Amino acid sequence: MTSLSAIHAGLRQLGIVEEDARDLYERQTGKRSLRDMNPNEQRNVVGELRRLGFKPALKGARKRLEGRYAAKLQALWIDGWNLGIVRDRSDRALIAFVKRQCKIDHVRFLHHGDDANRVIEALKGWLAREGGVDWSRDSKMPDWTQTDGYRVAAAQFAMLEKTDTRFDVYHWIMATAAERPGQPEQLSRFTARDWQPVMNHLGLLVRAHK
């Protein structure tokens, strides 16, 4: 993988977009464009992305885990990464967690609902204790606040508010909407998928304060 392809892969993996990417370039090289960098400067950017948690895919490695419950487990694991409590976002670390919780060697062997629920609830409990995620549902609140993505984003904002009182979930999402093309212009139209780029973006800020 070349430095340029590694940079683009790292930005996608970490959810770094537009001005945040250019700010990162400038901090490392004094330049805001990849085109203006020499090879050593590009390698410095790759090194910074690795420091922030970028894990280049191994040649021949699976892009997604297999198994009936793999997608849900991966989603919760990435939630933990975006909350700054999972230190290794790789599938390998998730598999190790599953093994500790259920004594099962790989998530693809999680065929029984009871085993899967035990791992899922363990993950959600951890995110609640360490990340402050409130998983409870409130029928009096708007539908868009009842998604897991909103709950994680709200917990991220609670963390960020401790270091910068300017953070406000509603205003921040609307102010940065242009950096996440294709998202709805109104929070009331947000779906579970729309929250993922928000959580990724906030995760970068959360990890920077850790």
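The values are calculated or read from the model by the stated rules, or taken from the named source; none is laboratory data. The model shown is predicted, which means the values in this text are computed figures rather than measured ones. Every residue, glycine among them, receives a Cβ derived from its backbone with ideal geometry; neighbour counts consider all protein chains shown.
Give me a count of the residues in the stretch 112-134 that are more than 18 Å from the chain's Cα centre (by Cα) and in contact (Cβ under 8 Å) with a residue 40 or more places away in the chain.
So the count comes out to 2.
From the list R87, R137, R100, R151, exactly one residue is more than 30 Å from R50 (Cα to Cα) and out of contact with any Gly (no Cβ under 6 Å at 6 or more places or on another chain). Which is it?
Exactly one residue qualifies, and that residue is R137.
Answer yes or no as to whether Y150 is under 30 Å from Q186 (Cβ atoms) and among the aromatic types (F, W, Y).
yes
Restricting the stretch 67-106 to residues that are more than 20 Å from the chain's Cα centre (by Cα) and in a helix (DSSP H, G or I), which is farthest from I16 (Cα to Cα)?
Ranking the qualifying residues of the stretch 67-106, first place goes to C102.
So which of Q42, Q74 ends up being modelled with pLDDT of 85 or more and outside the structural domain of A9 (by TED's automatic domain parsing)?
Exactly one of Q42, Q74 is modelled with pLDDT of 85 or more and outside the structural domain of A9 (by TED's automatic domain parsing), namely Q74.
When only residues in the stretch 1-45 that are of a type in the set (V, I, T) and surrounded by 15 or more Cβ atoms within 10 Å (Cβ to Cβ) count, which is farthest from V206 (Cα to Cα)?
Looking at residues that are of a type in the set (V, I, T) and surrounded by 15 or more Cβ atoms within 10 Å (Cβ to Cβ), I get T29.
Tally time: how many residues in the stretch 26-60 are closer than 26 Å to L83 by Cβ and not small (G, A, S)?
Total satisfying the criteria: 13.
Kindly indicate which of T191, T163 is hydroxyl-bearing (S, T, Y), modelled with pLDDT under 80 and under 18 Å from I78 (Cβ atoms).
Sole residue among the options that is hydroxyl-bearing (S, T, Y), modelled with pLDDT under 80 and under 18 Å from I78 (Cβ atoms): T191.
Determine which single condition P181 fails, assuming it passes every other condition in (1) at pLDDT below 80; (2) within 24 Å of A70 (Cβ to Cβ); (3) not hydroxyl-bearing (S, T, Y).
With respect to (1) at pLDDT below 80; (2) within 24 Å of A70 (Cβ to Cβ); (3) not hydroxyl-bearing (S, T, Y), P181 is out only on (2).
Among the residues of the stretch 124-143, how many are aliphatic (A, V, I, L, M) and out of contact with any Asp or Glu (no Cβ under 8 Å at 6 or more places or on another chain)?
Qualifying residue count, the stretch 124-143: 1.
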